[in-house]
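Written out below as structure tokens is the structure these notes cover.
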Amino acid sequence: MLTVVTSMVMCVIGNNVALSLGMVGALSIVRFRTAIKDARDTAYIFWCVAGGICCGISDFTIAVAGSAVLFLLMLAIGSNRSNSRYLLIIRGVFSEEGSADLEAALTALFGDGVRLCVKNRSLGSMEYIYELSSKQADQFRTQNGDSRLFAISGTESVNLVGQNDEITG
């Protein structure tokens, strides 16, 4: 998305030095008071600045064409990615067989789509943290995944933690 915004700006600026200095000034005014975690938000802010510059010099063709492409990209990316993610945290005292049983149970629940993020091992205990999508978390709840995991020898706790990446003021 940022490459489309950059292309819009470069098409508008061309060889105009005054316009390029104005663009630098406009972008330097943009201050981020909060940390922006999502690149889509950054792209949206620069899209607004680039669209404003295009409209300011009456180059509506580039503004409309660039905005249409950016809108479609944001729509496509937004539908593919959710701001929510879930962490499945499993703690216990697992033997090698228990670890293999745990992995087999998770494969039976989710197929190969589950992603191991952390595997901690200390004296006498182990902790596994898997990242799940919203669909996988719903599947875990509806198929009584916690009961399946507690059936494995050595399982002490199973936690499903939801994390939302949105920042609220």
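Readers should treat all values here as calculations from the given coordinates under stated rules, not as data from a laboratory. All figures in this text were calculated on a predicted structure; none of them were measured in a lab. Cβ coordinates were reconstructed from backbone atoms using ideal geometry, including for glycine residues, and neighbour counts include every protein chain displayed.
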Practice item. Could you pull out the longest piece of the chain with no exposed loop trypsin sites (Lys or Arg not before Pro) in it, calling a site exposed if DSSP puts it outside H, G, I, E, B and it has at most 16 other Cβ atoms within 10 Å? Key: 82-169
Practice item. Give the label of the value calculated from the structure for P(r) over Cα pairs in 5 Å bins from 0, in percent, choosing from (1) 1, 8, 18, 22, 22, 17, 9, 3, 0; (2) 1, 7, 10, 11, 8, 8, 6, 5, 4, 4, 4, 3, 3, 3, 3, 3, 3, 3, 3, 3, 2, 2, 1, 0, 0; (3) 1, 7, 14, 14, 11, 9, 7, 7, 7, 7, 6, 5, 3, 1, 0. Key: (3)
**Study point:** Angle in degrees between helix 2-13 and the longest Cα principal axis of the chain, rounded to the nearest 10
**Key:** 10
Study note, to complete from the structure: Rounded to the nearest 10 degrees, the helix 39-56 long axis (Cα) sits at an angle to the longest Cα principal axis of the chain of 10
Review point. Picking from Ala76, Leu88, Ser122, whose Cα lies most toward the positive end of the charge dipole for the chain (charges on Cβ: Lys, Arg +1; Asp, Glu -1)?
Key: Ala76
Revision key, fill the gap. Counted neighbours (other Cβ, 10 Å), sorted fewest up, put Leu109, Leu132 in the order Leu109, Leu132
Review point. When the Karplus curve 6.51 cos²θ - 1.76 cosθ + 1.60 is applied with θ = phi - 60°, which whole-Hz ³J(HN,Hα) does each residue of the range 60-69 get, with x for Gly and Pro?
Key: 6, 4, 5, 5, 6, 5, x, 5, 5, 5
